[in-house]
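Accompanying notes for the structure given below.
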Amino acid sequence: MSKKRQDLINHAERLFYENGFHSVGLKKIITEADVALMTMYNHFTSKEELILEVLKYRELRYFSLLKELVEKNTNSKTTALLLAEGHMTWIRNHKNGCMFLRAKEEYPSEESEINQYVITHKKSLLTFLKNYNLNHQEAIRLTISLEGATSLSEVLPVEEVSQELMFTVNNLFLK
């Protein structure tokens, strides 16, 4: 990926996450990324395409974090607990809630590519969890727990939410 394309994605992600998708214009993104409008259009045909790439890049980083934490584990913690800890690590670094659900709120039309990608992302989370030997019901339970932790982290102290998530996961998967 070219440096300018990556700069556009990085700046757009931060701006969208902090301000929402509709409230950030392309002019703000290209100014912060220090690129020309033509450069932006050489990499992305529209703002919606840029949003999709931001979401794809964010998803890649999230799943990579979880995968790394599980695969480097050498102790006896359950996979579900490791995934929950990884999720809370992500939350500590991204305290403004779920960017995907915000995208779905701002692009509610079922025909919207952005809306469809958010749905795909949430289903990908279930598939990702199943790849770590969780059955369908366990993957749903863990997803509900992770999504709830994300939501509560917007209104309660992150460490309190983390502690309760670990308690919940321990009770769901270690009994």
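The values are calculated or read from the model by the stated rules, or taken from the named source; none is laboratory data. Model, not experiment: these values are computed from the prediction. Every residue, glycine among them, receives a Cβ derived from its backbone with ideal geometry; neighbour counts consider all protein chains shown. We work out accessible area using only protein heavy atoms, side chains counted, and drop any ligands, DNA or RNA first. Shrake-Rupley method; radii C 1.70, N 1.55, O 1.52, S 1.80 Å.
Computing Cα Rg over 2.2 N^0.38 Å for the structure here picks out one of (1) 0.98; (2) 1.12; (3) 1.28, namely (2). With both labels modelled 7 Å from their Cα along Cα-to-Cβ, the Glu105 to Glu160 distance reads 2.1 nm. Assuming charge only on the beta carbon of Lys and Arg (+1) and of Asp and Glu (-1), the dipole of the range 1-84 about its Cα centre is about 140 debye to the nearest 20. Of Glu85, Glu138, Glu160, the residue with the greatest mean-square motion in the GNM of the chain, using alpha carbon springs below 10 Å, is Glu160.
Within the range 70-175, how many Lys pairs sit with Cα atoms under 23 Å apart, leaving out pairs fewer than 8 places apart on the same chain? Taking the range 70-175 as the scope, the lysine pair count is 10.
Could you give the length gained on full extension between Ser151 and Asn10, defined as 0.36 nm per residue of separation minus the Cα-Cα distance, in nm? Result: 48.4 nm gained on full extension. A 1.4 Å probe run over the chain, with the rest of the protein chains in place, finds 54 Å² accessible per residue. Counting only DSSP H runs of at least 4 residues, each contributing -39500 (n - 2.57), and dividing by the residue count of the chain, the helix-based mean residue ellipticity at 222 nm comes to -24500 deg cm²/dmol. A Förster radius of 35 Å combined with the Cβ-Cβ distance from Lys28 to Leu174 puts the calculated FRET efficiency at roughly 0.15. Of the accessible area of the chain, computed with a 1.4 Å probe over protein heavy atoms only, carbon and sulfur atoms account for 52 percent.
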